[in-house]
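Reading through the structure tokens given below for one structure.
The values are calculated or read from the model by the stated rules, or taken from the named source; none is laboratory data. Every value quoted in this text rests on a predicted model; they were computed, and no experiment measured them. Ideal geometry is used to build each Cβ from the backbone, glycine not excepted, and the neighbour counts take in all protein chains shown. Please note that ligands, DNA and RNA were not included when accessible areas were found on the heavy atoms of the full protein model with its side chains. Shrake-Rupley method; radii C 1.70, N 1.55, O 1.52, S 1.80 Å.
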Amino acid sequence: MKKGIILLMLVFLAVTVLGCGSGNTQNAKSQEKKKWTIRLGTIQAPDNVVTQTAIKFAEYAKEKSGGRLDVQVLPASQLGSAKEQIESVKLGSQEMFTDATDWLGAYVPEYNILGLAFAFRDQDHVHKFLKGPEGEKMIEKLITSHGIRVLTHTLDRVPRNLLTTRPVKSIADLKGLKLRVPEMPAYVEAWKAMGAAPTPLALGELYTGLEQGVVEGLEINTDSMYTQKFYEVAKNYASTGHVFATCMLIINEKFYQSLPDDMKKVLQDAASEAEKYNNETVKKLEMDSVEKMKAAGVVVSQINIDEMRNAVKDVAYKLEEKGIWPKGLYDKVQAIK
């Protein structure tokens, strides 16, 4: 009797183990077949390098994942303004977003310094900051405090320059100029210091705003002036190079962690490949865009950069006093060689 009971128990145990093994195998196979749809938003035009880089990212992710990662690129503010889309990524109602890195200053204050006119010498200076110890801390803060993961924040942009409806040939011409700037303290305070009247306006509303006189100019990456066709309603260009910008590629952290490790690696690799494509493309964009705008009737003026730089020299410390970024950060940036 006892032997019979023991035998039945062993049979039951074997069936249970085999059943679990079969279930685990089925789950593993199911996971291998699973597909994910990722919405990647931009606020830039379809032919802008930011959107084109997003498309390259999507193509690479689809290829290397065997079609399991379907990244749908939605350009031209289809999913809302930059601020709205970043908030959507944070909340998880949108998986990914890409645009100027300094938008992240609303979440991690250190990022605000990227928008300060003349804070950085060149693109290499920006890279050393973002890839150094401070940049690593900023990435970690975004994850732990806001649930946003940075796949990269060193996608180069063409430097920001000036496009206006009336000529600007000296800093005196900036006085009272209604200039569209991003709604971020570093931009607003720097252009105030230079005499302009900073006017925050969503990028999607800017063309109409120039037409209707709501604003009289903009400071933005030169390639965006061309791809967004702002040169059609603002015919005066001044090369200022006041901000050496980068873009970021961000993803909702909870969604990212829900992916299997091999798909996480595909996304990281896709970001690296997209960065290579982007940074090579950007190198020739500024001059190409200027030449195309000149052919369309835009007048190029020279402006005294030293006057502008001198006007904003104290803005960094005023912003630190206001807590826009941590005290001492500006000096750390200037110390980078």
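Against the numbered list (1) in a loop (DSSP other than H, G, I, E, B); (2) crowded, with 24+ Cβ neighbours inside 10 Å; (3) not aliphatic (A, V, I, L, M), Arg121 comes up short only at (2). For the residues Gly147, Gly92, Gly135, the requirement of being among the small types (Gly, Ala, Ser), under 19 Å from Asp331 (Cβ atoms) and at pLDDT 95 or above singles out Gly135.
From the set of residues in region 209-246 that are hydroxyl-bearing (Ser, Thr, Tyr) and in contact with a helix residue (DSSP H, G or I) (Cβ under 7 Å, 6 or more places away or on another chain), which is most open to solvent (accessible area, probe 1.4 Å)? Working first, answer last.
Of region 209-246, the ones hydroxyl-bearing (Ser, Thr, Tyr) are 222, 224, 226-227, 231, 237, 239-240, 246.
Then keep just the ones that are in contact with a helix residue (DSSP H, G or I) (Cβ under 7 Å, 6 or more places away or on another chain); that gives 222, 226, 231, 237, 240, 246.
Numbers: Thr222: 0, Tyr226: 64, Tyr231: 25, Tyr237: 8, Thr240: 10, Thr246: 7 Å².
Selected residue: Tyr226.
I'd like to know if region 172-180 contains one or more residues that are buried (at least 17 other Cβ atoms within 10 Å of the Cβ), under 26 Å from the mean Cα position of the chain (by Cα) and closer than 29 Å to Lys284 by Cα. Yes, that holds for at least one residue.
Quick one: in region 292-337, of everything that is among the small types (Gly, Ala, Ser) and within 20 Å of Met138 (Cα to Cα), which residue is surrounded by the most Cβ atoms within 10 Å (Cβ to Cβ)? Filtering first and then ranking leaves Ala316. Of the residues in region 68-76, none is open to solvent by less than 10 Å² (accessible area, probe 1.4 Å), closer than 21 Å to Ile148 by Cα and either at pLDDT below 95 or of a type in the set (Phe, Trp, Tyr) (or both). Sub-8 Å Cβ pairs linking a first residue in region 310-321 that is farther than 18 Å from Gly195 by Cβ to a second residue that is charged (D, E, K, R) and open to solvent by 90 Å² or more (accessible area, probe 1.4 Å), at least 6 apart or interchain, are Glu320/Lys327; Glu321/Lys327, ordered by first then second residue.
Could you tell me whether Thr144 is closer than 16 Å to Ile251 by Cα and open to solvent by less than 10 Å² (accessible area, probe 1.4 Å)? In short, no.
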